[in-house]
Structure formats: structure tokens, C-alpha cells
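Here's the structure we're looking at; comments come further down.
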Amino acid sequence: MTESDSILRHPMSKYIREDRQPWIYCSGCSVGVVTQMVARAIDNLGLDFTKTVVVSGIGCTGRTSGYFKTGTYHTTHGRAIAFAEGVKIANPELEVIVVSGDGDLAAIGGNHLIHACRRNIDMTIVCVNNFNYGMTGGQFGPTTEHERYSQTSPRPVGNVEHPFNLVKLAASSGATFVARWTAVQARRATKSIETGIKKEGLSFIEIIGACPTEFGRMNRLGNGVEMHQHLLEVAEIQNGLPAHEAELHYDTRIVCGEFVNIEKPEYTVVLTEMNERLKKG
Amino acid sequence: MTSVEKVPQDKITIEGLTGDAAIAHALKQSDVDVLAAYPITPQTIIVEDFQKFAADGEVQTRVIPVESEHSAMSACIGASAVGARVATASASAGLALMWEILYCAASMRMPIVFTVANRALSAPINIHNDHSDGMGMRDSGFIQLYCQSSQEAYDTTIMAFKLAEDHGVLLPVMVGIDGFILSHNVERVEMLPDDAVQKFLGVRVPVQPLDPKNPITMGPLALTDYYFEFKEQQDEAIWNVPKIYKQVEAEFKKMTGRSYGMFEEYKTKDAEIIILAMSTMGGTAKAVADVLREKGEKVGVIRLKMFRPFPAKEIAKAVSGAKAVMIFEKAMSFGAVTSPLAMEVKSALYDLEKKPMVVDFVVGLGGRDVPPTTFVEGYEKTKKYVEKGKAPLYETLGVRK
């Protein structure tokens, strides 16, 4: 490798399948940013990458798993967490990271999300919330705000439904680490992903992202840069705030921070202990 | 049956529409009460277009974009149970996620129209066309109609409501179009005026809706005592379909001049080899037949539209004079004797004294292109098999081995 090659090489490229480049993401999309957050968290922690599994579902964020140069699985729509639970239970030594979108994790896979939180199984879920189904063309989903426009909630009425607040959902379902950041708060978000990975239990980290191609276009929110600038402007850091106060109003106030960090018995540990007890009995 | 009249040409609207858009227009004119769906490629445009009609106040439909396909079909059954005219749309993995509820829809005799942009099943993930989703639901009790053109998709969607809601049938109908090949390609479509469609379809008359004034329970336990009787009735109902389908088509023809039949025959009269295929492959097959005919080959085409119920006797009759039936199909049944369409055709021919050879080619899985040359390759092979008097149970074409 020549010197210029080494300068041009991205420091995180060692984790990425460069033969799969260029990324499929639109310009101005946050998914690439979040991919780098995950790679940097893995790097900062010095994780054994050969024992790290990345699982994702369907959609734009669902494509993330395919870019990581380790054991990864691109599951069907909504099944990422259920699949990851199988991986973790079969081999608890593996570090399991789920990266998927709001539509995948909270709508079609919503049931798996709440039950994985309830079980407190050791995995880190990174959810990129861009407020719509981007890949299929920008339909409204479980996080789309009331009266927002989308392909399936066009003008003049907009979305008649109300969104989930994913931080509140994960916290009330029993996750032991819950955080929210925007895609522009890359260092803080990466730190939270690190904490989530280290945490023995279910960690849920929501990253508020921009989808300028679909959600941004239909709601006239500007291009990718403008949308990310907006995220920075309305982000309000409130570490330690009770999760039920972690409000999210896209236009005015996105409360960010680490909201839950508690200790509870982890599922695979409990399972192993139970098996040991049965063996002795 | 209501009496319909020929719609004059000046009342017809002509537009260039994709298969998805043609279906969306048909659903709009069919005065659907409830539409519940979840986004999946390549079906998304159907619901998106429909939502625009709803947002513009062009339809009275309650549209519910639910949280998964499992919920979509469940919501459809609920809406159908109270007597609504109901539609949904899906494809591939989304259709597969509905699987449990598909059987309920058919068993509970819910006349739901289910438009499908046929797409390959996972894994690995693939968004392109084949028929593995449709074949996966073939035993669910749905009527299955596969379309070749945007016009046919439009016409069939409208007719599907009349067929499904007929009291002699009361079964859900799948209307299939090839994902991307038809769902996303623009073709000329002649659309009827709204009032003509409304007159043709009328208002759904439910037989036994959920009604607080006359309380009934739907779907309770039927164990060893009654379950089998339910299935017997369901079986009886699906065999009423050919007769009622003919009536529906006859009436539609009066209005439009168009009809399709359970299958379409093309130059089959004196054909020695008949190509049998479904959906858009029918178009390619006919073009191939034209070229081969010019070269003196006696070849014809059957483009099957109705896969469920399978028109066994009619197909047997239509191919009985040929030396061979060359099947092109876009699905595999792993570990089966042969592939789904060939299994049907072979079973249909079993009782014939003199039967044509059945040659089965599996093609186009995951959207692999099926160009005319692939048909010619299959045709040459079929001729050789006919000479030898023996053919493999099935084989694949257009794949790296």
C-alpha cells in the first residue's frame, strides 16, 4: 500500500466490506453516519470483531448489516430482534448488535422489540428513526408525527395517526439502557452505543436521522444538510431525565441523552443458571 | 345479475398506466369500503395511488395502513365480516406473513380482493418477479387470477369483486401481476366511467354479517365434530367459480367487449407443441410462437389466467391434440415430483387415453430475465424430447449451474 492509499483509506474501512461500495444511501441520509458510529464504537471498545454479529431487518437501515465485514444477517421485515435473540441464546459469547430502522423495529417488528426489552436479553439495538419507510418510497410509519405528509398520508390531510415515542416504549418495556441522540451528535451517540455494548442487558439507542429524499421532501424540510442542521438546533440534551419525559417534537424539541441505565438479571445468564441448577438437581 | 350495457367509446378514458396504477384505479371505481395494507415493493404504488384518491376526496374508502401484513389481512377479515367491500395488496414476504390469515379469509368465506405484485420469496432477499409467493398460497382457498397486461389487471380487479361477492362463491380472490414487469411498466389502459363500474358491481350484499341485532360468533372451535364439513363446503364453493366466472365475464364483455376466459388460447388448433405459461410470460410466448410459425413450426400458446380453481378438464381438452405441452413456470416446489404448474397439468392429463408429453421448465426465479431466446431453447429441447419419447420431470433454464 502506498502512503497516499493509507491516507485515503477511511480509518473505519477495516470493518466495512469495501467491495460493496458505493453505499446505496441517498446523499444527505443519516444511515451512513450511524454505520460509522457503530464501527467507531466497536473500534473504541476494541471488540473482537470475529465475535461480533450485526443483524438488521428490511429497509434502508436494514442494509447496514451487509456492509459490515463480520458475521452479519439481513433478515426479513421486522424479524431482526427475534433473529438476534436466537443468535445470542445459542452462543452468549457473541456480541450482538441490531441496526435497523423505525419501521422495521417498531411496526412490523414491534412485538419483538417490546418482548426483547421485557426479557432483558444482552444485545444492543441501534434504531435509526427517520420518521418514515424510506426504502419502499416514503410511506408513513409508527414514528411519523400526526398530520405529517407521506406517500400514504398525502396532502391536505396528512397522517391521521399518532407516533410512538421509542425511548418511552423501550424504557417502559424493560430495557436496561435507553438513550436517544440525533445523527449530528456523533461523538455522544457513539459513546452511548459503546455503553450499550458494554451493558449486560438490552440496550436501546435511538438515533434521530434525516431522510431528505422522502420524509424531508414531502414535508418540505430542506436538503440533507439543512435537515441535519435542524436536528442540531432542536436537540436538547437532558442526560438522566426520566424516560417518560423524553419528548420528541420534530419541529421544536428533541430531547436527547441517556435516560435509563439500570441493572437487572440478563436473560442468557438466567437461562444458563437455570440449566446449571437443573443439572445439579 | 344486473343488466349492463355497452359503454360508448366517448365515455371511456384512455390513460397510460402501470399495472399497479391500473389496479389502484380499478379499486377506486369499485367503491371499496375498507382497504388495509402495509408497504412492500413492488406493490406500494397501488396503496400510494389509492391514498391520493382518498386525500383528494375521490373515494369514500377507509384506508388503514397497518403495522404489518399479518394485521392487514386480519383487518380485512374484520371489515369483511361486518359486510364491507374490502381490498388489500401485497407481495412476497408480505404475502407470506399473511399466510395464517389467508386460510382464515377463505375458510370464513370473506370475499376480499387481494391484489399481488408477484415477487420472489426470501431468502436471499430479492424484490423481483417470480411466482413463489402465489404458489405458496395456492392451497389457502383463494381464487387465483394471474394477469398479462395493465388492462387485464384493471378489468380483473373489477371483476374479482363481483366473483368474490357472488353468493355462490363467497371466497377471496388473488389478482396477480408480475412484479416490476407489469407493476411498474406503463401500458395503454381503457377505463370505464365510474357509474358503469358501480352499476356492474352494485353494493355488496353480505350473507351473514356480524351484526349486534342478530348476534353470531365467527370462527369458534369446530373440532372433530364440524371442521370437516366446513372444508367440504369450501371445496364445493370453489368449484362453483368457473360457472360464475363465466357469467361475470360475459356481463363484463357486454360492457367493454373484453373477456379473457380461464385461459387464453393462441394458435393452438393445429399446434404440435403448446407452450403453457402464466402472466407476462404469455406475451413473450405468443411473440415467440409467431416467429416459430413463420419458420413452419406448428406451435401454439396457452396463457393460463385462472390457477385456482385449476381448469383441469378444459386444459386437458385444449392440449389433447398436441404432441407436447411445454410449460414455462416461475416457481419451484423443492423436493416435489415436478414444479407446481406442471403438477397440475400432469394431473389434469392423467385420465386421457392419448396424452401429450409434458415438458416442464422452471425459469425466471428472482426476476431473472426470460427472453424469447429462452423460449426457443426450451422449444428445441422439447422437440428433442418428443423425438426420444422421454423428458425429464422438470429442468431449469437460464441459470448458472
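The values are calculated or read from the model by the stated rules, or taken from the named source; none is laboratory data. Computed from a predicted model, the values in this text were never measured in an experiment. Cβ atoms come from the backbone with ideal geometry, glycine included; neighbour counts cover every protein chain shown. Note: accessible area is taken over every heavy atom of the protein model, side chains too, but ligands, DNA and RNA are not part of it. Shrake-Rupley method; radii C 1.70, N 1.55, O 1.52, S 1.80 Å.
Here the protein assembly as shown is treated as an ellipsoid with the same Cα gyration tensor; its semi-axes, largest first and in whole Å, are 48, 30, 25. Think of each Lys and Arg Cβ as +1 and each Asp and Glu Cβ as -1; about the Cα centre, that makes the dipole of the protein assembly as shown roughly 1360 debye. Taking Cα centre as origin and charging only the Cβ of basic (Lys, Arg, +1) and acidic (Asp, Glu, -1) residues, the dipole magnitude of chain A rounds to 400 debye. The Rg/Rh ratio for region A:135-240 is 1.01, where Rg is the radius of gyration of the alpha carbons and Rh is the Kirkwood radius. Alpha carbon centre of region B:196-269 versus region A:122-182: separation in Å? Region B:196-269 and region A:122-182 have Cα centres separated by 40 Å.
Taking GluC sites (Glu not before Pro) as exposed when DSSP calls them loop and at most 10 other C-beta atoms lie within 10 angstrom, chain B has its longest site-free stretch at B:6-352. Accessible surface computed residue by residue for the protein assembly as shown, with neighbouring protein chains in place and a 1.4 Å probe, gives 43 Å² per residue. Calculated [222 nm] ellipticity per residue, helices only, for chain B: -12000 deg cm²/dmol; basis is -39500 (n - 2.57) per DSSP H run with n ≥ 4, divided by all residues, nearest 500. For chain A, the residue among A:Gly138, A:Gly196, A:Val54 whose Cα projects farthest onto the positive side of the dipole built from Cβ charges is A:Val54. Summed over both chains, the accessible area lost when B and A associate is about 1400 Å², using a 1.4 Å probe.
Per residue, the convex hull spanned by the Cα atoms of region B:263-396 amounts to 101 cubic angstrom.
Comparing chain B with the 2.2 N^0.38 Å rule of thumb, its C-alpha radius of gyration ratio is 0.97 (two decimals). Comparing each chain alone with all protein chains together (probe 1.4 Å, DNA, RNA and ligands left out), the residues of region A:134-149 losing at least 50 Å² of accessible area are A:Thr136.
Here is the list for region A:9-47: trypsin sites (Lys or Arg not before Pro) lying in DSSP coil, each with at most 12 other C-beta atoms within 10 angstrom of its C-beta, are A:Arg9. Separation of region B:10-53 from region B:345-373 is 33 Å, based on Cα centroids. Loop-located chymotrypsin sites (Phe, Trp or Tyr not before Pro) in region B:151-233 (DSSP state not H, G, I, E or B) with no more than 11 neighbouring Cβ atoms inside 10 Å: B:Tyr226. Sequence-distant contacts, meaning Cα pairs under 8 Å at least 6 residues apart, place the relative contact order of region B:9-256 at 25 percent.
Ligands, DNA and RNA left out, the 1.4 Å accessible surface of the protein assembly as shown is 54% carbon and sulfur atoms.
Three semi-axes describe the equivalent ellipsoid of region A:97-159; taken as square roots of 5 times the Cα gyration tensor eigenvalues and ordered largest first, they are 27, 11, 8 Å.
Across region A:17-280, counting alpha-carbon atoms alone, Rg and Dmax equal 17.6, 67 Å.
State whether region A:1-131 is rounded, prolate or oblate according to the following rule on the C-alpha gyration tensor (a ≥ b ≥ c being the square roots of its eigenvalues): a/c under 1.5 gives rounded; otherwise a/b larger than b/c gives prolate, and the remaining case gives oblate. Note, shape of region A:1-131 comes out oblate.
For chain B, a simple Cβ point-charge model (Lys and Arg +1, Asp and Glu -1, everything else neutral) yields a dipole of about 1180 debye relative to the Cα centre. For region B:21-69, a decrease in accessible area of 30 Å² or greater in the assembled protein chains relative to the isolated chain, with a 1.4 Å probe, applies to B:Tyr38, B:Pro39, B:Glu48, B:Gln51, B:Lys52, B:Ala55, B:Pro65, B:Glu67. Restricting region B:178-255 to trypsin sites (Lys or Arg not before Pro) that sit in a DSSP loop and have at most 10 other Cβ atoms within 10 Å of their own Cβ leaves B:Lys213.
Near A:Asp104, within a Cβ-to-Cβ distance under 12 Å, what is the net charge of the other residues, with Lys and Arg +1 and Asp and Glu -1? So the surrounding residues net to 0. What stretch of chain A, leaving out the sites themselves, is the longest with no GluC sites (Glu not before Pro) in a DSSP loop having at most 11 other Cβ atoms within 10 Å? Here the longest segment lacking exposed loop sites spans A:94-262. The relative contact order of region A:160-281, computed from alpha carbon pairs under 8 Å that lie at least 6 residues apart in sequence, is 29 percent. Inter-part distance, region A:52-110 to region A:13-36, computed on C-alpha centroids, equals 17 Å.
Relative contact order of region A:117-171, taken over Cα pairs closer than 8 Å and 6 or more residues apart, is 26 percent.
Translational diffusion of region B:197-307 was estimated from the Stokes-Einstein equation, with Rh taken as the Kirkwood radius over Cα pairs; at 20 °C and 1.002 mPa s the coefficient is 117 µm²/s.
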